[in-house]
Each structure stands twice: as structure tokens, then as C-alpha cells.
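Engineer: Quick one: the structure is below, and I'll ask about it shortly.
The values are calculated or read from the model by the stated rules, or taken from the named source; none is laboratory data. Keep in mind it's a predicted model, so treat the numbers as computed, not measured. Virtual Cβ from ideal backbone geometry, glycine too; neighbours counted across all protein chains shown.
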Amino acid sequence: MDARIEAYLEHLRVQRRMAALTLQTYARDLSTLDELARRDAVPLDAVQIHHVRRWSATLHGQGRSGRTIARVLSSWRGLYRWMGREGWVSQNPVEGVRAPKAPKPLPKALSVDQSMRLADHRAPEVHDPALEVRDACIVELLYGCGLRIGELVALDATPGEQARGWIDLQAAEAHVWGKGSKRRSVPIGRAAVRALQAWLAERPRFVRDDPRALFLGRLGTRLTPQQVRARLKRRAIEAGLPTHVHPHMLRHSFASHLLQSSGDLRAVQELLGHASIATTQVYTKLDFQHLAKVYDAAHPRAKKAR
């Protein structure tokens, strides 16, 4: 390895007191730089930005992820900053070079059967049956209306001047205040209406500190997002779902299942409250994945064709 790289690693170890594992990562990344520079017969102090870009593309072609390449470039950038302070280079050839964008992972959604199992689950033994009724109502609104967790916990039982969201049972609508302070109305299905009616019958005994909040805890305070996440996680485990379920997964499931059934992307956009149709288009990929799985499982030539 180039002596300057070795000197930099020693600087990181002694002066920066870098942890051993972190130091090993730097050593690997800088060893990659050394190998690429030697392969192209380019001295480290003669490296230019076009070399770095080409080597970044080489790493990408080898299957390195965008996140990994970003880390490698960060290691190289640190080396050249140090070399600049030592007077060995006049400019940093890594400045301005960015890693390829990592593809965004598709949102995870439950299957229809899993969603139904979660919604229909009833714990065999509960300390307080009223809280089980409340949790069932929460699932129905998250999955049945595609609400964000913040929109859900902000709901009031009745409308008011300062309400950030409320339920209109007569019209079967949820009025929420979404991102960008934009209000929208979402229809509530029959199952969610029944769940709301059941919870509203139990709710009065929990009303104390915040009489407006729709969803209350044992102490009469408005439920927090953390409490909802914990209750949902527990419910999913009890229902035997083979994945970690969180509130946004139910929103993804709502959108994916609605798109599979209707094919109306614009309607899904409106119901989700997305400002741009591009944000909603990710669900078309989920829909295609669903169709591909059906094809693979059902078509007699599917496996042979691939």
C-alpha cells in the first residue's frame, strides 16, 4: 500500500483515535483506491476528478451498492483532505463526486389475507376488553382509510375550531390534516364505522385530561404514535403475522390493495393525500409484483419461460 495511505491510517489511529473496526473499513476503502490507481498507473498525487468518477463507475459495475460507494468516496475524500493539509496535493479530486443514487426500496405491504387476519384478530384474554375494542378500531382506520400515524392520533371525536382532524360518523368520513397542512376527507368503510361505534361506546370511561381526543389511553391522555406502534406490533405478533407490522405498512397495504382492485391511480393519490402523482406511482410497482407472483404461481409455462 502507498506509504501516504499508511501514514493517513496511522494518523486516524493515533490522532483521531478511531475505533479498530472503523479503521479496518477505512483501510479496505483506501486499499481499493490504491489498487485502482496502480492499475491505471496513476500516482495518488496525480489523481484527477475524472479518474475518481471512472473508478466509482467501476465499483458500481462490480455490483457495489450506492450506499457502499458513498462510504468509499467518503474515505477517499478524507485521505485527500489530509494530504492537502500535508502539502502533498493542491486540490481534492474527490470533492464534487457523488455516488450513484441507491434505488429506493419498495414499501412493504401486507397481503389481503394478512390484513384481514390483523383486522379480525381478537385476543383470547385481555386485561381490559375496551382497549381491545380501541385497538381494533385503530387497525380499521389505518388499513381502511390509509391514514398516517400522525393523522390518526390527531383525530378528535367531534369537530372543533382547533381540531386537526375529526370523525363524521353520519357522513362516514374522516377529516384529517395531512402533510403540508392540507386537509382532506377520506371515506370510512362499513367495518371501520362499526369499529368506531363500538369504541365510542367504550370511550367515555377513559375521558379525563383530553376530552376531545378520539383515541385515549388508560390514563385518559391522547395516544402517542409510540403507543400505537407498540400496540400494533403486539397485535400482529398475537395474530401470527410473519413480519414486523408498523402503522405505515397498513397505509401501504391500503394503497396497494385499492390499486389492485380499481386500477385508479388518481383516486389512490387523492385518498392518500399525495401532492404529486409520482409519489403514488410506487404502488404500481407493488401491483406489478403481485401480478408477477400470480403469473409465476398459476401459468403452466411461467417457470420454463424464465
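Engineer: So which residues in region 172-211 are among the hydrophobic types (A, V, I, L, M, F, W, C), assigned to a loop (DSSP other than H, G, I, E, B) and under 25 Å from Ala275 (Cα atoms)?
Structural biologist: Ala172, Ile188
Engineer: Ok, one more. Need pairs with beta-carbon distance below 9 Å; first residue at positive phi and within region 131-150, second charged (D, E, K, R) and surrounded by fewer than 23 Cβ atoms within 10 Å (Cβ to Cβ); sequence gap 6+ or separate chains.
Structural biologist: Gly146/Arg251
Engineer: Follow-up question, since we're still on this one. Return the residues of region 88-112 that are modelled with pLDDT of 90 or more and out of contact with any Ser or Thr (no Cβ under 9 Å at 6 or more places or on another chain); say none if nothing qualifies.
Structural biologist: Scanning region 88-112 gives Trp88, Val89, Ser90, Gln91, Asn92, Pro93, Glu95.
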